[in-house]
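Asks: One structure, as structure tokens, below. Some questions next.
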Amino acid sequence: MKNSTDFDVIVIGGGASGMTAAIWAGRGGKKVLLLEKNKILGNKLSISGGGRCNITNTNPDKSEFIKNYAYMSKFLHTPFSIHGVQDSISFFSDIGVEVVTEARHRAFPMSQSAPSVTAALKAEIKKLGVHIRTGESVKKIEIKKGKISKIITNTEEYQGTHIILSTGGMSHPETGSTGDGFNFLKEFGHTVHNPSPSIVPLSVKESWVKKLSGTSLENMKISFYLEGKSVFKKTGKILFTHFGISGPLVLNSSQKVGDLLHAGAVTAEINLYPDLDERALDERILKIFNTHKNKTFKNVISECVPRGMDETLLGLSKIEVATKVHSITKEDRKRLQHLIQHLPMTVTGLMGYDRAVVADGGVDVSEIDMKTMKSKKVSNLSVTGDLLHIHRPSGGFSLQLCWTTGYIAGKNV
């Protein structure tokens, strides 16, 4: 009989793919140990999608769905044929999480709560009798004759017939996802690709933004909204580019914006005069209008806005360019004032990374059997989720990769 430190399966990492792997190994009748260095399971999952958890993407066109994984999509046809989107939706329904689909095929739990998804996975893990050890970090993994022989944590030593490595990538290090698995995989002789940076410019929908390419503005305030609700604001320098916006202010906001894009539509507003309140800006515009009341609006707009922004505001204001300033109504002036302080745009993604916080990085998938998620270098090791070097866009695709690879690893131990 096995002692308390011997298991059929040891899953290292209690995130989305790790919990999924533990469940499916447990459903297969295995004695499973789930090791998590944090005090609780599912830290990152519980904050995903802006707290709503974009659980998957239900695009019915399978070829379009898989294209979202870009250059790595050729490796994913088999895994998704084994366990696809509908399989994941059925699984979550089975454990009490009903899924609803919103715009752009983004699917969320009906509860609109990421913690509820984590709670359901935890409940299933406990129901199956999986042994859970939280607050234990793996310090060393010993290998003998091409097999993992021992797992050494900060408090204990364990032996397992099969090991599933599910420690996640490097996004959100505050949740404990600090790339530990990358280091272990390198020690095992695997090729590990460094993750892409998460500090990136933003692409936007509006054509007027792109026409401003090369224009930079100092001391601007930008406010970001999720589904019309204000989320956060920052002040600094903005640079307009041929694809959207960049500059320190934007780059320092991109990771948080990437998270919001998981949860829904993201819009932004730029305040061109953040040091003035509405009344002060209106008085400033009125003073300019009174000084130049016999000029046309086209010849006065440059006095009202920062350098380089006159043509843009001229077009967006909907005030006829040839209108004499003295003929501009109070309502038109107020609308111009509001536009200057709430210049709107629609964020479509993180430039070059399809809105991903960390787009790739991890073990080279040519070294993994994608039918089983087993390592080709270590006979009793499987690798899941964000440890795989696969382009992981937001919009439900990243979590679907976790559900799929977790399922396959857990079923094939």
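Readers should treat all values here as calculations from the given coordinates under stated rules, not as data from a laboratory. The structure displayed is predicted, hence computed values, not measured ones. Heads up, the Cβs are rebuilt from the backbone with ideal geometry, glycines too, and the neighbour counts pull from every protein chain shown.
Asks: If I build a Gaussian network model for the chain, linking alpha-carbon pairs within less than 10 angstrom, which residue out of 244, 361, 315 has the largest mean-square fluctuation?
Replies: Of the options given, 315 has the highest mean-square fluctuation.
Asks: Moving to a separate point now. How do 11-19, 397-405, 115-123 rank on mean C-beta neighbours within 10 Å, highest first?
Replies: On the way: 11-19: 31.0, 397-405: 27.0, 115-123: 19.4.
Listed from highest to lowest mean packing, they are 11-19, 397-405, 115-123.
Asks: Okay, moving on. For residue 150, give me every one of the aspartates and glutamates with a C-alpha distance below 16 angstrom, ignoring sequence neighbours fewer than eight places off in its own chain.
Replies: The reachable aspartates and glutamates, counting only those whose Cα sits under 16 Å from residue 150, are 6, 8, 136, 142, 187.
Asks: Which order do 158, 407 fall in if you start with the one that has the fewest other Cβ atoms within 10 Å? Show your work: numbers first, answer last.
Replies: Details: 158 21, 407 24.
Ascending number of Cβ neighbours within 10 Å: 158, 407.
Asks: Here's something else I'd like to know. Exposure proxy check: 242, 389, 342 ranked by fewest other beta carbons within 10 Å?
Replies: Values: 242 10, 389 24, 342 13.
The fewest-first ordering by Cβ neighbours comes to 242, 342, 389.
Asks: Moving on. Mind checking the angle between helix 16-27 and the chain's longest principal axis? C-alpha axes, 0 to 90 degrees, to the nearest 10.
Replies: Taking Cα atoms only, the helix is inclined about 30 degrees.
Asks: Would you compute, from DSSP H runs of 4+ residues alone, the mean residue ellipticity of the chain at 222 nm, taking -39500 (n - 2.57) per run and dividing by the full residue count, rounded to the nearest 500? Could the numbers behind the result be given before it?
Replies: On the way: 14 runs with 127 residues, N = 413.
Calculated from helices alone, the mean residue ellipticity at 222 nm is -8500 deg cm²/dmol.
Asks: Follow-up question, since we're still on this one. Given the peptides 96-102, 58-64, arrange them by the average over their residues of other C-beta atoms within 10 Å, most packed first.
Replies: Values: 96-102: 15.4, 58-64: 13.1.
Averaged packing, sorted descending, gives the order 96-102, 58-64.
Asks: Something else now. Relative to the longest principal axis of the chain, what angle (0 to 90°, nearest 10) does the C-alpha long axis of helix 85-94 take?
Replies: So the inclination is approximately 70 degrees.
Asks: On to the next question. Given the range 195-315, what count of lysine pairs have C-alpha atoms under 14 Å apart, with each pair 8 or more places apart or on different chains? Numbers along the way, then the final one.
Replies: Working: 221/233; 221/234; 221/237; 233/256; 234/256; 287/295.
Count of close lysine pairs: 6.
Asks: Can you give the local net charge around residue 227? Use residues other than it whose beta-carbon is closer than 12 angstrom to its beta-carbon, Lys and Arg +1, Asp and Glu -1. Walk me through the numbers on the way to the answer.
Replies: On the way: positive: 52, 106, 229; negative: 102.
Overall, the nearby charge balance is +2.
Asks: Let me ask another. Within 10 Å, count the other beta carbons around each residue, average over each peptide in 46-53, 334-341, and list them highest first.
Replies: Details: 46-53: 22.0, 334-341: 18.8.
Packing proxy ranking, top to bottom: 46-53, 334-341.
Asks: In addition: What number, in percent, do you get for the relative contact order of the chain if the mean sequence gap of Cα pairs under 8 Å and at least 6 apart is divided by its residue count?
Replies: On the way: 895 pairs, mean separation 98.8, N = 413.
Here the relative contact order equals 24 percent.
Asks: Ranked by Cβ crowding within 10 angstrom, fewest neighbours first, how are 77, 262, 83 ordered? Walk me through the numbers before you get to the answer.
Replies: Details: 77 13, 262 28, 83 20.
Fewest to most other Cβ atoms nearby, the residues stand as 77, 83, 262.
Asks: For the chain, find the longest principal axis of its Cα atoms and tell me its angle to the long axis of helix 278-291, 0 to 90°, nearest 10.
Replies: 30 degrees
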